[in-house]
Amino acid sequence: MAANGAVLAFFRKLYYTFTKNWFYIVLAFLTPMLLFYVSQGTEIIAILFDGGNFWNIFLILFSFQLLFYAIWVIPPYSLSITRWLTNKFNKEDPFPEEGIYALFSKLAIAYNSKVDEKEVFPIRNFAGLPFLIFTLMLIESYIDTNTGIAGLIGFIILGLYLSKWTQNPIGELIKKVLKNLTVEHFGYLFHVTFILCISICWMFEWYWVSFILIILLYLLNNAFYAFIESHSDIDIIKANYKANKIKYWIFTGLLVSFLLFFSWLTFSDHMHLFSSVIVMNVSFTVFIAAIDLWIKTPNDAFKMLEKQPEIRKAIINISKTQDEQLISKFSAAYEFFQAVKFVAIFGMSFYIFFDAFNKHRVRVETSKPADKFYSSYNRDSLDAYFKRWAKGIDSSKPVILIAGQGGGSRAGAWMVMNLDTLDKQDPSFLRNLFAISTVSGSSSGANMMLNKWSLEQDGIKVETKSNLELAQRLYTYNYLTAATWGMLWSDALRNLITAKDKPARDRNLYRQYDEGRAFSLCYPETFRDTAIKHFQLDLMANWDSNISKKRLPLLFLNTATTQAGKRAISAPVLIEPKIFGTAIDLYHKVKHQKTGADTLYHFPLVTAVNLSQAFPFVCAYNYVENVGNMIDGGLYENSGCNTLFEIYRYLVNSYPNLQYKILLIQNSDNDNDNTASNSSVLWNTITSAAASPFSGHSHYWEQNIILMKRDTDTVIKIYPKIGCQWTDTPLGILLSKKSVDKLWGYVGRRE
């Protein structure tokens with residue numbers, strides 16, 4: 001029975017620890033849990049092993065330390081706020097400055113033992129766990145294994161046990177080694193030095209040494225803060241409080257410096273050099289610090305002063321009558337901060353889930369008088385373009401049509417690898433390639449290749465030595481950090497300095513800039529500016545027959561509207577209802593916003609690509625007037641086969657004497673027939689809604705193409721699969737070199 005009572009007491013203590021500190025715990029665990037559960041997280045970790053990540057490791061570990069400190073520290077200026085508000089409504093100024101030290105001590109004891117008379121674990125135990133989870137992910141990524149949730153729980157329990165077992169011995173060692181030195185000040189300096197040592201080991205690829213040192217840092221961290229908490233003498237408390245005021249200024253300065261640093265990285269085009277883990281940790285630290293300073297700690301202080309008379313008497317010396325009046329004011333102050341807390345939480349939730357400061361107006365570029373103008377009215381019909389294009393084909397070989405499946409950077413890299421390989425294997429491939437229909441990540445890959453082919457016709461060639469190296473430069477580029485920064489901070493901030501009638505400066509725009517920079521890095525230094533400028537051209541720049549004489553396949557970029565779920569297509573030919581049904585002609589709609597005239601500004605091809613791959617939450621839903629917000633085309637149909645089927649059907653009916661070869665470039669299974677039982681109504685609903693466009697619709701349109709195929713034509717699937725095993729390369733907008741290499745191993749395999 002005693003054992004049962006101890007277990008029950010443990011879980012009760014754990015429950016109250018969470019309910020009293022849930023805000024801290026949720027934000028502290030958010031980064032590592034996102035890394036652990038979201039497939040993109042494995043790539044964020046894996047890319048740290050690609051070399052040149054000395055500063056990333058240093059800043060990641062440093063940001064975890066800042067997160068730990070934000071959770072652990074009692075903001076000294078919160079107590080100054082508490083004292084100021086107490087004295088403001090009392091002529092006698094009943095709250096002396098000395099009382100702050102006693103309140104500081106009482107809060108520290110409460111946070112680490114008993115909150116509202118409920119026993120809790122010290123919050124530092126949980127503040128350090130993100131460190132452990134991150135370490136586990138590093139180790140598992142390095143040895144290429146996954147122990148799952150059982151391994152995670154086991155590693156956390158082991159870490160908590162080790163921290164408790166080593167706490168006192170390390171504390172005694174600290175006292176023995178430091179003797180008369182200021183323990184706290186020396187401790188923070190030691191942390192930074194220790195992190196620097198870990199980073200140096202990482203630079204030399206001594207990974208196991210780094211792992212051991214990170215775990216040791218976790219243990220030292222716990223013992224160091226436990227050592228500080230154990231000193232409750234009033235003189236030491238006074239010293240700690242005064243030191244904390246200075247340290248809190250330094251802490252605040254570091255956070256502000258990080259935010260300014262991220263802003264500078266964005267505008268100087270260096271954001272891709274740093275890990276998104278740093279952005280997430282710093283952002284969540286700022287959220288915790290701001291709410292702790294202005295809301296939570298004053299709220300807890302006023303509640304303590306209202307509910308606990310012994311604490312009130314130890315801090316405030318007034319008469320019984322005045323005490324009763326003061327209790328009423330403490331209660332009002334507590335209720336005020338309680339209301340502010342819920343307003344802050346509601347306001348943040350409303351901003352995230354229901355509204356946003358940035359309306360994400362679609363990007364267009366103002367034309368200059370000297371620019372070439374592209375009119376949506378001057379585009380050819382599909383038939384007119386085909387007749388002119390068909391004069392240059394190799395008549396001994398079939399007309400080639402391609403559908404590209406979505407799948408983030410995995411789809412982009414797979415598209416680049418295969419298009420480049422097919423082009424190099426067959427000199428007539430590009431000449432006979434008429435149209436490419438793409439969705440999401442494959443839109444990015446097709447765009448990269450079209451720009452490459454276009455520059456080749458200008459005599460400018462990439463400096464990459466292989467298809468693999470080309471894909472590596474394009475898709476190991478870090479597009480994620482800028483997206484994370486935009487989602488958490490800068491989209492809202494940028495909107496404040498952008499005119500309301502101008503296109504949005506948001507994470508979509510900087511994603512487009514990043515893709516242009518990644519593309520330019522495939523060229524010699526002397527041609528990189530040319531490559532970047534070419535990447536930003538209007539969608540029609542390479543296809544307007546009055547201006548350009550280049551021979552390139554048509555690109556049909558599929559997207560959809562969030563308001564009505566309608567399919568929209570950006571293409572260099574007219575999107576005619578007789579061929580494409582109810583699909584929206586997006587190029588025409590964008591060019592006719594506001595004025596109705598379409599020669600006043602450009603609609604960059606890369607922007608149309610971005611609208612096709614606007615996957616939540618790394619991209620925003622750009623708004624097109626009289627159309628709606630545009631979402632990833634995969635949310636309508638994820639294979640590109642819908643639009644390709646319509647093109648193929650029209651060509652077969654109009655030009656039946658020609659042969660056609662259809663290539664379906666896929667990176668995941670369209671025919672997901674997993675029939676395992678799931679009794680959860682909620683989960684079945686979610687999986688059904690998600691599967692409908694990604695596999696249900698995709699499989700339907702793929703089968704339509706196969707069923708319509710004539711005996712003279714061919715349909716070939718190109719996918720990263722050996723036997724029944726599909727590639728396990730994760731989805732997302734960031735790939736490690738290891739994942740790109742793994743994809744490359746599938747190129748050329750057909751079944």
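For the condition of a type in the set (G, A, S), crowded, with 24+ Cβ neighbours inside 10 Å and over 25 Å from Y621 (Cα atoms), what is the one hit in A411, A403, A435? It would help to see each step written out before you state the result.
Numbers: A411 fails: over 25 Å from Y621 (Cα atoms); A403 fails: over 25 Å from Y621 (Cα atoms).
Answer to the selection: A435.
The helices (runs of 4 or more DSSP H) found entirely in the range 1-117 that carry 3 or more residues being closer than 30 Å to I212 by Cβ, of a type outside the set (D, E, K, R) and touching a residue at least 24 places away in the same chain (Cβ under 8 Å) are 2-37, 39-46, 54-72. Among the residues that make up the range 449-456, is at least one of them free of Cβ contacts under 8 Å to residues at least 12 places away in the same chain, out of contact with any Gly (no Cβ under 7 Å at 6 or more places or on another chain) and in the same structural domain as L635 (by TED's automatic domain parsing)? Yes, some residue in the range 449-456 is free of Cβ contacts under 8 Å to residues at least 12 places away in the same chain, out of contact with any Gly (no Cβ under 7 Å at 6 or more places or on another chain) and in the same structural domain as L635 (by TED's automatic domain parsing).
Once the range 291-346 is narrowed to residues that are surrounded by fewer than 21 Cβ atoms within 10 Å (Cβ to Cβ) and not in a helix (DSSP H, G or I), the residue that is modelled with the lowest pLDDT is S319. For the range 361-394, a residue qualifies if it is touching a strand residue (DSSP E or B) at 6+ places or on another chain (Cβ under 6 Å), among the aromatic types (F, W, Y) and either modelled with pLDDT of 85 or more or over 30 Å from C619 (Cα atoms) (or both), and exactly one does: Y385. Looking across the range 707-734, the residues that are in a loop (DSSP other than H, G, I, E, B), out of contact with any helix residue (DSSP H, G or I) (no Cβ under 7 Å at 6 or more places or on another chain) and surrounded by 14 or more Cβ atoms within 10 Å (Cβ to Cβ) come down to K709, D713, Y719.
A single member of L537, L480 is under 18 Å from the mean Cα position of the chain (by Cα) and crowded, with 17+ Cβ neighbours inside 10 Å, and it is L480.
Filtering the range 237-253 for residues that are out of contact with any Ser or Thr (no Cβ under 7 Å at 6 or more places or on another chain), modelled with pLDDT of 90 or more, within 30 Å of A46 (Cβ to Cβ) and surrounded by fewer than 18 Cβ atoms within 10 Å (Cβ to Cβ) leaves an empty set.
Consider the range 609-635 and keep the residues that are among the polar types (S, T, N, Q) and assigned to a loop (DSSP other than H, G, I, E, B). The one that is farthest from S442 (Cα to Cα) is N626.
Go through the range 519-544 residue by residue and tally those that are closer than 21 Å to L586 by Cβ and small (G, A, S).
Residues in the range 519-544 being closer than 21 Å to L586 by Cβ and small (G, A, S): 1 in total.
One residue stands out among those in the range 10-62 that are charged (D, E, K, R) and either closer than 22 Å to A127 by Cβ or not assigned by TED's automatic domain parsing to the domain that holds I345 (or both): the one that is surrounded by the most Cβ atoms within 10 Å (Cβ to Cβ), which is K20. Checking the range 134-143 against the condition returns a match, with at least one residue being acidic (D, E), surrounded by 19 or more Cβ atoms within 10 Å (Cβ to Cβ) and within 27 Å of F62 (Cα to Cα). Kindly check whether there is at least one residue in the range 581-598 that is assigned by TED's automatic domain parsing to the domain that holds F434, within 30 Å of K397 (Cβ to Cβ) and of a type outside the set (D, E). Among the residues of the range 581-598, at least one is assigned by TED's automatic domain parsing to the domain that holds F434, within 30 Å of K397 (Cβ to Cβ) and of a type outside the set (D, E), which makes the answer yes.
The values are calculated or read from the model by the stated rules, or taken from the named source; none is laboratory data. From a predicted model like this one, the values you see are computed outputs, not experimental measurements. Note that we place each Cβ from the backbone using ideal geometry, even for glycine, and neighbour counts take in every protein chain shown.
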